[in-house]
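**Q** After the structure tokens below, expect a handful of questions from me.
The values are calculated or read from the model by the stated rules, or taken from the named source; none is laboratory data. Just so we're clear, the structure is a prediction, and the values are computed from it rather than from any experiment. Note that each Cβ is placed from the backbone with ideal geometry, even for glycine, and that neighbours are counted across all protein chains shown. Calculation scope for accessible area: heavy atoms of the full protein, side chains included, ligands and nucleic acids excluded. Shrake-Rupley method; radii C 1.70, N 1.55, O 1.52, S 1.80 Å.
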Amino acid sequence: MFSGIIAAVGQITAITPRHDGAETVRLTIAAGKLELDDVALGDSIACNGVCLTVVGQQDACFFVDVSPESLACTVGLAAPAPVNLEKALRLADRLGGHLVSGHVDGIGEVLRFDPVGDNRLLEIRAPAALARYIARKGSITVDGVSLTTNAVDGATFTINLIPHTLEATTLGRLQPGSRVNLEIDLIARYCERLLNADTEQ
């Protein structure tokens, strides 16, 4: 589990085919300011909101393997690029954002990225199937960043990004047409499951 509070912006520096018969690729990620001293093989690190398993380390870099399914269902991992990084939560950690699983639910499209003073108004269109889970003043994860929605209109929602978020994450690089990883709030997912449990039997 994660909180959606980004610890550092890293950089995918290499993408290497694994030649394992499954078209898996291995990413080399420069960790930037993310401390790796307490990271062990098998630990989870969220990369742009995607929970990935550490399979190796070297100097200030770590390695993760990504399956074709994960590449097909997410954005931002298929080419060298900056990535938002967050290590998995420990039970004693503060939950500054909201509970995030690192399982991307869909890909959204940025419609607007307008300056409002020092802030930015971010408008995103989510896949239609996710619209029902997005609520005004609710939580949503965009490229691994825990954010609060300002308004929702159908499958479109808006978010206000403050200067700190713009500087501490990759979201400051967005522009209209950018595609982003979205994860809905876990509470919405489980509420739907509970409400529909009787009809699914």
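**Q** Give the accessible surface of the stretch 32-174 per residue, rounded to a whole number of Å², with probe radius 1.4 Å and ligands, DNA and RNA excluded.
**A** I get 50 Å² per residue for this part.
**Q** I would also like to ask the following. When the C-alpha atoms of the chain are aligned to their principal axes, what extent does each axis show, in angstrom, from largest down?
**A** 52, 45, 36
**Q** Could you list the trypsin sites (Lys or Arg not before Pro) in the stretch 63-112 that lie in coil according to DSSP, counting only those with at most 15 other Cβ atoms within 10 Å of their Cβ?
**A** The qualifying sites are Arg90, Arg94.
**Q** Here's another thing I want to ask about it. Treating the angle as unsigned and between 0 and 90°, give the value, to the nearest 10°, between the Cα long axis of helix 186-196 and the longest Cα principal axis of the chain.
**A** It works out to around 60 degrees.
**Q** What whole-number volume per residue, in cubic angstrom, does the convex hull of the C-alpha atoms of the stretch 59-165 give?
**A** Convex hull volume per residue, Cα atoms: 152 Å³.
**Q** A follow-up question, please. Which value in deg cm²/dmol, rounded to the nearest 500, describes the helix-derived mean residue ellipticity at 222 nm for the chain, given -39,500 (n - 2.57) per DSSP H run of n ≥ 4 and division by the residue count?
**A** That comes out to -3000 deg cm²/dmol.
**Q** Springs between alpha-carbon pairs under 10 angstrom, Gaussian network model over the chain: which of Ser101, Ser139, Ser67 fluctuates most?
**A** Ser67
**Q** Rounded if a/c is under 1.5, else prolate if a/b is larger than b/c, else oblate: which is the stretch 72-126, with a ≥ b ≥ c the root eigenvalues of its Cα gyration tensor?
**A** Oblate, because a/c is 1.5 or more while a/b does not exceed b/c.
**Q** What percentage of the solvent-accessible surface of the stretch 19-120, computed with a 1.4 Å probe over protein heavy atoms, is contributed by carbon and sulfur atoms?
**A** 51 percent
**Q** Within the stretch 1-82, which trypsin sites (Lys or Arg not before Pro) sit in a loop by DSSP and count at most 16 neighbouring Cβ atoms inside 10 Å?
**A** Working: sites: Arg18, Arg26, Lys33; in loops: Arg18, Lys33.
Here the sparse-neighbourhood loop sites are Arg18, Lys33.
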